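Derivation of every value follows stated rules applied to the coordinates shown; laboratory data play no part. This structure is a prediction, so every number in the text was calculated from the model and none was measured. Please note: Cβ atoms are built from the backbone with ideal geometry, for glycine as well, and neighbour counts cover all protein chains shown.
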Amino acid sequence: MGTDDQDGFPVDGEGPIRKVYKKPFAIDHYAVTNAHFQDFIEDTGYITEAERYG
């Protein structure tokens, strides 16, 4: 993970290149469609980070 490229953002933890280990996680077999995401938002009132932070 990471980068040694000058275009990286060290403040975001993008560098240096390093090994990372992740615990197993579940992932859906199919992508979420915009229609399904819209249903989720309407059902839950979820606000995205983009909406929250502008």
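Odds and ends about this structure:
- Selection count, segment 1-35, where residues are surrounded by 10 or more Cβ atoms within 10 Å (Cβ to Cβ) and not in a loop (DSSP other than H, G, I, E, B): 1
- Scanning the chain for residues that are under 17 Å from the mean Cα position of the chain (by Cα) and charged (D, E, K, R) yields Asp12, Glu14, Lys22, Lys23, Asp28, Glu49, Glu51, Arg52.
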